[in-house]
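Beneath this line is the structure, given in structure tokens, with notes to follow.
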Ligand SMILES: [Ca+2]
Ligand SMILES: [Ca+2]
């Protein structure tokens, strides 16, 4: 009997150890999952407005699948330990003449951080930043965190993936073993400017923690 209990204890320890080490996300083990067809916002709430904008060809698309988040995850590369990668999977990724925003957020050391890529005018313009989020109006530390290399917002149409490559030195310098909590993703659609706010958006709920590897 004692032997069986010992074996059971060892098995439980092994299972616990395995579940702790499986912390890096990928498409099959994403930290964040989200349902399809769950877009909210002005254009969803007011379908007549959507129809009018379509009639005048201001909105050339028929659905919001290009901002519909289905999952999102973090990962790192041993070859580039100074970066954290954040990938967002979209139901059907495509560019529009309007402004789309793809972002992920998390908490580290009791501070809130985020990364976002804005794409507009059919990909003629991009704006990409990461940093601490603070203040009443959700201001980001953009001056510190603006990423100059716009190619680090990697868009893959075929796989419907947006990958954001984030220098760790602008997100609080996390080191191996550090834990990112309250992970979540958000995608939104705006007119070119932010004046009108979001026309449509998709927020995920909080996902699993991510443990920094390198
Ligand atoms: Ca969704
Ligand atoms: Ca959602």
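Side notes on the structure shown:
- Residues being in contact (Cβ under 8 Å) with a residue 40 or more places away in the chain and not in a strand (DSSP E or B) - total across the stretch 162-192: 9
- Number of positions in the stretch 123-145 that are assigned to a strand (DSSP E or B), within 18 Å of residue 169 (Cβ to Cβ) and modelled with pLDDT under 65: 1
Table: residues versus (1) modelled with pLDDT of 95 or more; (2) surrounded by fewer than 22 Cβ atoms within 10 Å (Cβ to Cβ); (3) away from ligand 2 (no atom under 16 Å from the Cβ).
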residue: 180; (1), (2), (3): yes, no, yes
residue: 184; (1), (2), (3): yes, yes, no
residue: 191; (1), (2), (3): no, yes, yes
residue: 214; (1), (2), (3): yes, yes, yes
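- The set of residues from the stretch 94-117 being over 13 Å from residue 184 (Cβ atoms) and touching a strand residue (DSSP E or B) at 6+ places or on another chain (Cβ under 7 Å) comprises 95, 98, 99, 100, 101, 108, 111, 117.
- Across the stretch 76-92, the number of residues qualifying as buried (at least 20 other Cβ atoms within 10 Å of the Cβ) and within 16 Å of ligand 2 (Cβ to nearest atom) comes to 3.
- Residues that are loosely packed, with under 14 Cβ neighbours inside 10 Å, modelled with pLDDT under 95 and within 16 Å of ligand 2 (Cβ to nearest atom), drawn from the stretch 18-62: 45
- In the stretch 169-198, the residue that is farthest from residue 42 (Cα to Cα) out of those that are away from ligand 1 (no atom under 16 Å from the Cβ) and in contact with a helix residue (DSSP H, G or I) (Cβ under 9 Å, 6 or more places away or on another chain) is 175.
- Per this entry, residue 208 is counted among residues that are surrounded by 14 or more Cβ atoms within 10 Å (Cβ to Cβ), at pLDDT 95 or above and part of a loop (DSSP other than H, G, I, E, B).
The values are calculated or read from the model by the stated rules, or taken from the named source; none is laboratory data. Quantities reported herein were computed from a predicted structural model and do not represent experimental measurements. Don't worry about glycine lacking a Cβ; one is built from the backbone with ideal geometry, like all the others, and counts go over all protein chains shown.
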